[in-house]
1. Note the full-extension length gain between Ala77 and Ala18 as 0.36 nm times their separation in residues minus their Cα-Cα distance, in nm to one decimal.
2. Once you order the gyration tensor axes a ≥ b ≥ c over the Cα atoms, which shape class does the range 1-63 get: rounded for a/c under 1.5, otherwise prolate or oblate by comparing a/b with b/c?
3. For Arg64 and Arg35, FRET efficiency with R0 = 35 Å and r from the beta-carbon atoms, rounded to 0.05?
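Laboratory data are not the source of any read-out in this text; all were calculated from the coordinates shown. These numbers come from a predicted model, not from an experiment. Cβ coordinates were reconstructed from backbone atoms using ideal geometry, including for glycine residues, and neighbour counts include every protein chain displayed.
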Amino acid sequence: MGQMNLLRIAAEYVTDGARHGSPSMLMRRLSQEHRVQIDFDVARRLFADLYGAGVTAPINLEKRAYPVLLERAKALAAVDAYVAAGKGLDWASLYECPQCCRVAPWTDGRTTASGDEVDEYWCQTCGAEVPLADCAQAELTAA
């Protein structure tokens, strides 16, 4: 997966026309436009970060969407300031699963497989147990 900043992309999507966004919209657009699949929890965490940055208001339960408070340029500046302050999701914990190809936070640990100890990651989406050498850390840095 190429380098990108999912939080900036999410800010661009929610400031694009409709002036609101939802986790499912974000998942769909990332899949269609960038061929990146994220799970629902990551999409929700992105919206939590957008809210923390002041880009969106809390979820509107009637519309099941997050209202957008800022225009695109101000939203991107707010996201950059939020990230620079060290707030939000720990993007270093996201990995791309070689089995389900989803970007999600993984847990790491040492387990015993086939009688020997192996450092592995556990995909939170499909439950795959994959040796660390086979995992690709999702590079989610500034585009």
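1. On the way: separation 59, 0.36 × 59 = 21.24 nm, distance 1.99 nm.
The Ala77-Ala18 span can extend by a further 19.3 nm.
2. On the way: a/c = 1.61, a/b = 1.52, b/c = 1.06.
Prolate, since a/c reaches 1.5 and a/b exceeds b/c.
3. Numbers: r = 26 Å, r/R0 = 0.73.
Using R0 = 35 Å, I get an efficiency of 0.85.
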